[in-house]
Every structure is written in structure tokens, then in C-alpha cells.
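> Structure incoming, see below.
Bear in mind that the values in this text are calculations on the coordinates, not laboratory data. The shown structure was predicted, so the numbers you read here are calculated from the model rather than taken from an experiment. We place every Cβ from the backbone using ideal geometry, glycine too, and count neighbours over all the protein chains shown.
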Amino acid sequence: MKSTNQNNLLDRYRQLVEISRDLASTLELNELLNRIVHLACDLSQSEAASILLYDELKKQLYFQAATNLDEPLMRGLIVPVENSIAGWIVKNREPLIIFDAQQDERHFNEVQKITHFKTESLLGVPLITKGKIIGVLEALNKRDGVFNQLDQELLIALGAQAAVAIENTRLFQQSDLIAEMVHELRTPLTSLNNAARLILQDELPPEIRKKMAELITSESKRLDELSSAYLDFARLESGRVQFIAEKFDLGELVRECAAILDNNLRENNLELLIHLPNKPLIITADRDKIKQVILNLLHNAIKYNRPGGKITISAKKRGIHLIFRVLDNGYGIPPDDINRIFSKFFRSKSSPDFIPGTGLGLAISKRIVESHRGQIRVFSRQGKGSLFTVLLPLKSREGN
Ligand code: ADP
């Protein structure tokens, strides 16, 4: 009869075998990383586990997934290669067991300050694929006893499978994103090419030549906007964006955004109403990113509106959340399009053709809001107007 220990050992190896099947079944990077950290946690019988990915160009590590910690704060949190345990693992390409991280001079204390998670014991393994180090997998605080050789071996085996799966998923995502971008670039490039060819014809009437020159200018501007928006989107999608949480007054931010778009409102003869409570609306979130969301929504309410139209932006507390709304009485969105409005590159055919855009603003906004554990919704009636609502937790982390 096998001892309990042996049974336990067998169970853990069995778990490992099942993992390869599991890891191969997703091509969504964040989902994959989440699975890996949960498996690492179970397999090593520890309190928590996390993955730090290595940015070779910047020579730094950043948190990408963790079992127990708050995502918006953790995601993208940078850990230097010098003076950190994970950095030591990257440099030495070796696993490491630490019995008391607090006593270890390599321990990078900044993370603990932000997360309030106290690391006691730690087991870390390098994630290596095709000879290249892509990150570090760490198990934190062994539940009973101390991390041992068996834990280390199991984590190395998991790490080896995880590294391959991460690399495959990244390659897949990159090729997917590049294919889409190339597709999106084709239309403006074709019209640029046609306009440039036309403009060269001697017999072209001056007014057409002028029109062509204008088209070239506007299409190049669109290409430029598309490239920047796409970069933003691709960065958010890859999870390499660092969210920096700070306390700020959302009301003040709303007024700031309104001031930025003031000229735009005036040029289009639009009225903007702002409804805010008397007291400040203090929220903990990434101010710049939330600003991007408000500007996107406000800008859309301006673009997809008619002269003389009205826009109302309001914000208030609702329990542990904050809700802000952007309402317009513009063109609205047809029911058939409403479910696709947050998809990348989607632009409703019902919106007038002359309105410029990339179809990325709402996709970017959605990712930002969801990274804050919030929700973004739309309600609309074609021809009557649209209402966008954003629900954000007041605090991006419990107990903060
Ligand atoms: P863009 O405005 O650059 O096309 P967005 O992602 O911001 O991209 O919006 C996607 C599409 O959603 C727009 O092309 C438009 O068809 C529709 N849309 C967004 N906001 C509004 C709005 N306030 N009113 C009507 N339609 C809108």
C-alpha cells in the first residue's frame, strides 16, 4: 500500500500531466497566465503565485498575473532586474528557494507597499523557451512547512510548459493583430495612392486638384490617428500597460475634459451641460487613463451629433461605485450595431460618412474601464441619441 506521501506525490504529477492539455486550450494571453498562476499555486501548495514577464528591451520585469492580488494595481507593476529576487532569477536563469524573503536583501519591497501582501517564503523559476528568458513564475508562502526540492521540480516542469504556451499565444496574438492592422491600412493607402496618381495628371482642373490635395491631407491624418490609436490598443491588449492608481476628484477631471473640447463644442454649435454633486467625487484609479475614456466618450458625443445638439455629462456616487454618464441627442446607433460598438475597428455604417474616426476609441475605453474592474454600457435610439454609462469602483482595491 502506498503511503499518503506517495499518493500526494502521484496526485501532483497527475495534475502536471493534465496541465499541458489545459494550457493548449486557450490562445488568450491573460486567460492563459491566470490559469498558470492558479496551477502554480495548487501544485506548490502555496498561498499565492504570480507571473512576471521580462521586457528584454527595457531590461525590466513587470507583473502580469497573480492569484490573490488586485489586477489593476498589479498589472504592469515594474520590478527592476537589479535588486529583486525575480531579477536574480532572470540574470542567473536558475530556480530559487527563499525561506524568509523579508530577510533577503534582494527582496524588492515596493511591491509589498502597494499590494499589502507580505511575502514570507518564495519559490521562483525562470520561464525559458528556445533559450530565451521570457519571465519568472513565483509561488509565495508555502502553506505547510517549507518549499522543498519536489515543489521546485514541479514548478520547473510547469514553467517549461507555461513558457512555450505563453510564447505561442503571444505569436498568435501578434500575427492576428498585425493582420487586422494591415487590413485596416489598405483602404486609406489605396485612396492615398489613387489621389496621388490623379494629382499628377496635367489636364486635371484646379478645383479637382485642390480636392485631391485635401483628400491626401485628411487621409494621411487618419492614418496617423489610426497608428497611434492602434498602438494604444495593442499595448492595452498585450497587458504591458502600467496602471498607476492615484486619488483624484472625478468632477474636476470632467471639467478639465470639457475645457479641452470647448472649441470643438463651439465650432459645432453644441451645448454641454455638466451635472456634478457639490462635494468632490474622490476615486482611486489611473487618472490619465480615465481621462482618455471621458475624452473619447465626449468626443464621440460631439462627432456623432448635429449642429445645435445637446450633450449632458453627469457623475455621482452609487454605493461603492461611481457612475458617470455621457448623453447626447445625436445620430444614435441602430439596434443591429449596438452589440458590436465596443469591438475594435467597428464603425457603424449608419453614421454619416464624413465623420472621421478609427473605430478604436470605444474598444480602448472598454479595456481601460474593465482593467479598473468597471463596466461600460451603451443605450441608444437611432436618430434620437445615445447614452454611455461607466461604472467604476471608488477604490480599486479592497481595504484601501
Ligand atoms: P470612431 O469614433 O473613431 O469611429 P469609436 O470606437 O469611438 O470609433 O466608436 C465606434 C463607432 O460607434 C463609431 O464609428 C460610431 O459609429 C459609433 N458611435 C460611438 N459613439 C457614438 C455616439 N455618441 N453616437 C452615435 N454613434 C456613436
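> With Rg and the Kirkwood Rh both taken from Cα atoms, where does Rg over Rh land for the chain?
In the chain, Rg relative to Rh is 1.06.
> Now for a separate question. Could you tell me how far the Cα centroid of segment 83-136 sits from the Cα centroid of segment 350-372, in Å?
39 Å
> I would also like to ask the following. Please give the helix 206-238 orientation as an angle from the longest Cα principal axis of the chain, in degrees from 0 to 90, rounded to the nearest 10.
Orientation of helix 206-238: about 20 degrees from the principal axis.
> Taking R0 as 60 Å, what's the FRET efficiency between residue 271 and residue 10 from their Cβ-Cβ distance, rounded to 0.05? Spell out each step's value before the answer.
Details: r = 71 Å, r/R0 = 1.19.
Efficiency at R0 = 60 Å is approximately 0.25.
> Then there's this: What longest region of the chain stays clear of GluC sites (Glu not before Pro) that DSSP places outside H, G, I, E and B and that have at most 13 other Cβ atoms within 10 Å?
204-397
> Now, a different point. Could you work out [θ]222 nm for the chain from helices alone, using -39500 (n - 2.57) per DSSP H run of at least four and dividing by all its residues? Round to the nearest 500 deg cm²/dmol.
Taken over the chain, the calculation gives -15500 deg cm²/dmol.
> Hey, got the Cα dimensions of segment 44-97 along the principal axes, in Å, largest first?
For segment 44-97, the Cα extents along the three principal axes come out at 26, 26, 15 Å.
> Right, here's the next one. Give me the extension gain from residue 264 to residue 55: residue separation times 0.36 nm, minus the current Cα-Cα distance, reported in nm with one decimal. Walk me through the numbers on the way to the answer.
Values: separation 209, 0.36 × 209 = 75.24 nm, distance 3.96 nm.
Result for the pair: 71.3 nm of gain on full extension.
> In segment 125-253, what is the volume of the convex hull around the alpha carbon atoms, normalised per residue and reported in Å³?
Normalising the Cα hull of segment 125-253 by residue number yields 169 Å³.
> How large is Rg over Rh for segment 95-153, taking Rg from the Cα atoms and Rh as the Kirkwood inverse mean of 1/r across Cα pairs?
1.00
> Note down the net charge around residue 271, summing +1 for each Lys or Arg and -1 for each Asp or Glu among other residues with Cβ under 11 Å from its Cβ.
On the way: positive: 266, 310; negative: 328.
Spelling it out: positives minus negatives among the neighbours equals +1.
> Quote the FRET efficiency, to the nearest 0.05, computed for residue 104 versus residue 288 with a Förster distance R0 of 30 Å and r equal to the Cβ-Cβ distance. Each step should come with its number before you reach the end.
On the way: r = 35 Å, r/R0 = 1.15.
With a Förster radius of 30 Å, E is 0.30.
> Gaussian network model of the chain, Cα springs within a sub-10 Å range: biggest mean-square fluctuation belongs to which of 272, 123, 33?
Its mean-square fluctuation being the largest, the pick is 272.
> From the backbone phi of segment 282-292, what are the Karplus-calculated ³J(HN,Hα) couplings (6.51 cos²θ - 1.76 cosθ + 1.60, θ = phi - 60°) in whole Hz, Gly and Pro given as x?
With coefficients 6.51, -1.76 and 1.60, one gets 7, 9, 9, 6, 7, 4, 4, 6, 5, 4, 4 Hz.
> Only bridges with both residues in the chain count here: give the DSSP antiparallel percent, nearest 5. Each step should come with its number before you reach the end.
Values: 54 of 59 bridges.
Expressed as a percentage, antiparallel bridges in the chain total about 90.
> Could you work out the percent of alpha carbon pairs in segment 259-364 separated by over 20 Å, rounded to a whole number?
45 percent
> Sticking with this one: Between residue 379 and residue 93, how many nm apart are label points set 7 Å from Cα along the C-beta direction?
5.9 nm
> Please build a GNM for the chain, connecting alpha carbons under 10 Å apart, and tell me which residue among 160, 363, 259 fluctuates the most.
Greatest mean-square fluctuation among the candidates belongs to 259.
> With contacts defined as alpha carbon pairs under 8 Å and 6 or more residues apart, what's the relative contact order of the chain in percent?
13 percent
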